[in-house]
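The values are calculated or read from the model by the stated rules, or taken from the named source; none is laboratory data. Values in this document were obtained by computation on a predicted structure and should not be read as measured data. Cβ coordinates were reconstructed from backbone atoms using ideal geometry, including for glycine residues, and neighbour counts include every protein chain displayed.
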Amino acid sequence: MSHQVTATAVLLAAGLMVVWGAGGVLVGEPKVGEPAPAFSLPGSDGKIYSLADYKGKSAVVLAWFPKAFTGGCTAECKSFAEGGNLLKGLHVAYFTASVDVPNYNKEFAESLHCDYPILSDADKSVARAYGVVHEGRPVPERWTFYIDKEGIIRAIDKKVVTAKAAPDVAAKLKELGIASK
């Protein structure tokens, strides 16, 4: 019996090594310094937003959240809605994003009086490309990606404080120097 337990533990560890690379990074997850995965997603305002539209023009912040109308996600999106003035003075396009369907995110955005678009990735293809949806994780991780105007990921925040999302994003953009007008 103990040989079976040991064999199972070794196989489990090997499987985790395949899924997780060095430093706790998911294999296939984009990294700082690499090009951001392309996206073209519907916003809560009915428009389509594409990363390519901002190339050479402005930085982009893409803040993934797990599920609309839940506690932490409401706090995060509300922070962006109420703290938009902190970001409006910067040269940045900012979005929150989930895998909820567009109409659900539209209702969510309206309930919070958002003055920015919440993006919907209902088929999860972009979320997978960003590594926020993966094996064992059907809803996105709460990660924020900072992308410079050339489309390169300059930072990834994996420890988002939901109620302080907007001020933290503004501070990080200033620290990175990628959103100056």
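Per-residue answers, yes or no, for (1) buried (at least 23 other Cβ atoms within 10 Å of the Cβ); (2) under 21 Å from G28 (Cα atoms):
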{"site": "Y104", "(1), (2)": "no, no"}
{"site": "S111", "(1), (2)": "no, no"}
{"site": "D121", "(1), (2)": "yes, yes"}
{"site": "S125", "(1), (2)": "no, yes"}
{"site": "E135", "(1), (2)": "no, yes"}
{"site": "P138", "(1), (2)": "no, yes"}
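Taken together, the residues in segment 121-139 that are touching a residue at least 40 places away in the same chain (Cβ under 8 Å) and small (G, A, S) amount to 3. What do you reckon, is I152 buried (at least 23 other Cβ atoms within 10 Å of the Cβ) and modelled with pLDDT of 95 or more? In short, no. For D45, indicate whether it is without any contact (Cβ under 8 Å) to a residue 60 or more places away in the chain and either surrounded by fewer than 18 Cβ atoms within 10 Å (Cβ to Cβ) or in a loop (DSSP other than H, G, I, E, B) (or both). Criteria not met by D45.
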